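Inspection log for the structure reproduced underneath, given as structure tokens.
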Amino acid sequence: MEPTCRACLVYDESLTAYDFGPTHPMNPIRVDLTVALAEGLGVLHHLPRVAAPDATEDDLATVHEPALIEAVMAAGADPTRHDLSRGLGTDDDPTFPRMHEASRHVVGASIEAARQVWTGAVDHAANIAGGLHHAMPDRASGFCVYNDVAVAIKWLLDNGAEKVAYVDVDVHHGDGVEAIFYDDPRVLTISLHETGQMLFPGTGFPADSGGPDALGSAVNVALPPGTADAGWLRAFHAVVPPLVREFAPDVLVTQQGCDSHRDDPLAHLALSVDGQRASYLALHDLAHEAAHGRWVAFGGGGYAVVEVVPRAWTHLLSVVSGRPLDVDLATPEAWRSEVSSQLGVRPPSRMTDGRTPAFRDWREGYDPDTWLDRAVQATRDSVFPWNGLDPQL
Ligand SMILES: [Zn+2]
Ligand SMILES: [Zn+2]
């Protein structure tokens, strides 16, 4: 625990206007339920709220083509106007009224989180409505209209950061962020995800390791379906801490999609909230150890909106605040009855899934007979030498 960490949550209620409609998997109620649970457990006492400004068109244009911004504005003004070449009006990214305004507000929140950390106002800042890592320079993709993560990283670079490390633990490949900085040696992107052989967006393999000017700066760990806490944490610790330490960033930016959970309906990994919490603790440690304590944390995917997201991200917020919650807490009765009456489902009664997230350290040996170990070794072989590290150690 780091009781001296200063931290904030960038949040206001209008962030939940980023809403693709009642039948879409990414229901913004997951953010409301998280904030209510975090409040009920006292997490927000140590995590002051900061309002989210709107990003400007100039902010968006640091990573997006003007033609995308114009197309999002047009679609938001008249949602019957689909632009499939820009990814707008698809099943993943349906158009909705005021789409531009809602999307740029999420980006503004992420810039604000970056600004809070970079100016030294806080050590850590979170925007759980952010983490829209699939958006590309020229098109919306995978529930993501604008890439708030990439705009925030660009803001850090434009305001004096020389090196930014980005770690993406969402179950999907962080393809948009990776693409935007693929040939930029100032940004190390690391994505751990279910292999693209099985899952959207179908990319993110070990050999995809950065452009010609930035070899080794893109890192992909393509995990087998079914990977659970022990395997996931083994892979994380075999790849992420050594690379981030060696890169020595000015700031750590992370995306905490919690769709890696075994109950998530859209993917096939099998983590528990206990394993996810262990990853948040490891990222917090890494921020202090290797990034001057500067940590900007975003949400991301997560489609078990009652069962998983509120608990996972409440743990995340407690770690960001420097006061991690006990795993073995009950969820507050008032929160449970509010969820039951609002949604007609019984929410989880405990903050734990009852798992103990132990794992075998990579240095204890490599087993080429397992898909997991072969996947991890392939990533190490691909990128460690470019980063001055020995893939065999
Ligand atoms: Zn801290
Ligand atoms: Zn995802």
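Some notes on this structure:
- The chain, relative contact order [Cα under 8 Å, separation at least 6], %: 19
- Nearest-20 debye value, segment 7-387 charge dipole, Cβ charges on Lys, Arg, Asp, Glu: 720
- Within the chain, percent of DSSP bridges classed antiparallel, to nearest 5: 10
- Think of the chain as having a plus end and a minus end, set by charges on the Cβ of Lys, Arg, Asp and Glu; of Asn147, His64, Ala125, Ala125 sits farthest toward the positive end of this dipole.
- The distance separating the Cα centre of segment 324-393 from that of segment 227-262 comes to 9 Å.
- Share of pairwise Cα separations in the chain, more than 29 Å, in percent: 37
- Once backbone amide H atoms are built at 1.01 Å from N, Arg350 has Thr331 as its partners under 5 Å, excluding neighbours fewer than 5 places away on the same chain.
- Relative contact order computed over segment 1-124 (Cα-Cα under 8 Å; 6+ residues apart), in percent: 35
- Top positive-direction residue, dipole computed over segment 7-387 with Cβ charges, set Thr379, Gly300, Pro242: Pro242
- Net charge of neighbours whose Cβ lies under 11 Å from the Cβ of Ser349, counting Lys and Arg as +1 and Asp and Glu as -1: +3
- MRE, 222 nm, helices only [DSSP H, n ≥ 4, -39500 (n - 2.57), over the chain, to nearest 500]: -11000 deg cm²/dmol
- Averaged over residues, the count of other Cβ atoms within 10 Å places the peptides 72-78, 206-212, 144-150 in the sequence 144-150, 72-78, 206-212, highest first.
- Computed FRET value (nearest 0.05) for Thr56 with Leu266, which takes r as the C-beta separation and R₀ as 35 Å: 0.60
- The phi torsions of segment 112-118, fed into the Karplus equation with coefficients 6.51, -1.76 and 1.60 and a -60° offset, translate into couplings of 4, 4, 5, 5, 4, 6, 5 Hz, rounded to whole numbers, with Gly and Pro shown as x.
- If R0 equals 56 Å, the separation of the Cβ atoms of Ala358 and Arg81 corresponds to a calculated FRET efficiency of about 0.60.
Rule-based calculations on the coordinates, nothing more; no lab input. None of the values given here were measured: they were computed from a predicted structure. With ideal geometry, Cβ positions are generated from the backbone for all residues, glycine too; neighbour counts draw on all protein chains shown.
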